[in-house]
Amino acid sequence: MKTNNVQEVFAWENSTSAELYIAEDIYYKNSELFLTNFPDIKKRVEESLSFDAKSLKYSVSKTNTIDINLKRISAGSLNKTLKNNFKSIPEAKFEVEYRDGYFYDSNKTGGFDFALYDEKHNLINFRNYCLGMRSIHEGDVIWQSEIEKRHDWNSLASLYNLPNLNRIGIDIPAPKTSPTIIGEFQFGNWALAYYDLFKVLHLDNRTDLDLLIYITATGDLEKSLSSNIVSYSKMNKTIQKYNSVLKVPIWLIGIDIKNVK
């Protein structure tokens, strides 16, 4: 967004809040049907994307045109604000990676920004990886190490009597009772869109994915971020272009801002 008004520049740089909201969205590969069957998931995601954001960082940058300034919002602050708000979803995990049949939240960049999955199913898969029919070398050590540093896994292991030492060398059945959903907040360089889709394709070949939620910017929010970023309109065209390759149901969401104060 551009301005040459000194008062507008001052007001923007000293802004303390803005309303985030879903401006547009679209459903691919029967994702709308999936969300109809899981309305609570749809409602919680929508609520987590519609709120008064207090932690965004505002700035103004000069253009090549004299006396014209660009109103900017830090993509990093936007990402952090959204992730903090998504913590209102109790089951959500963040910076999630997939390894050898199970998900784990690593707290490192490079994984998926957030995920929802069946935690019992996931933990039993990890137990089978460590101690099941095709158990790895020193699986008991790896099991104990991961359980000790993950409070949620430790609690679930106690609840479901894991690792169940009486069945060492035998896989414990782990039927999935809730869907596997991965999500991305993407406001970075346009090249990252292809990287994200490659990650999804790779993961879909290794496990049963039920939904990808892809969240990016549109409208005034898009204009206030850096140029040549992943945007709702660009991502929509890309998904349409590679629709025959992408098998995962996708809920593409474009968020915007209003009432910046």
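So the values come out like this:
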read-out: Residue match in segment 69-91 (condition: farther than 27 Å from residue 52 by Cβ and at pLDDT below 95); value: no
read-out: In segment 182-202, the residues that are hydrophobic (A, V, I, L, M, F, W, C) and in contact with a strand residue (DSSP E or B) (Cβ under 6 Å, 6 or more places away or on another chain); value: 182, 185, 187, 200
read-out: Within segment 90-198, helices (runs of 4 or more DSSP H) holding 1 or more residues that are in contact (Cβ under 8 Å) with a residue 12 or more places away in the chain and of a type in the set (Lys, Arg); value: 119-131
read-out: Residue 88 being closer than 25 Å to residue 190 by Cα and among the polar types (S, T, N, Q); value: no
read-out: Failed item, numbered, when residue 61 is tested on (1) farther than 20 Å from residue 256 by Cβ; (2) free of Cβ contacts under 8 Å to residues at least 60 places away in the same chain; (3) not in a strand (DSSP E or B); value: (3)
read-out: Enumeration of residues in segment 219-252 that are modelled with pLDDT of 95 or more, over 22 Å from residue 76 (Cβ atoms) and in a loop (DSSP other than H, G, I, E, B); value: 248, 249
read-out: Filter result for residue 22 (over 18 Å from residue 210 (Cβ atoms), surrounded by 14 or more Cβ atoms within 10 Å (Cβ to Cβ) and in contact (Cβ under 8 Å) with a residue 12 or more places away in the chain); value: yes
read-out: Residues of segment 203-254 satisfying the condition of being within 23 Å of residue 85 (Cβ to Cβ) and either out of contact with any strand residue (DSSP E or B) (no Cβ under 7 Å at 6 or more places or on another chain) or not assigned by TED's automatic domain parsing to the domain that holds residue 57 (or both); value: 223, 226
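The values are calculated or read from the model by the stated rules, or taken from the named source; none is laboratory data. Just so it is clear, the structure is predicted and the values come from calculations on it, not from any experiment. Methodologically, a virtual Cβ is constructed for each residue, glycine included, from the backbone with ideal geometry; neighbour enumeration extends over all protein chains shown.
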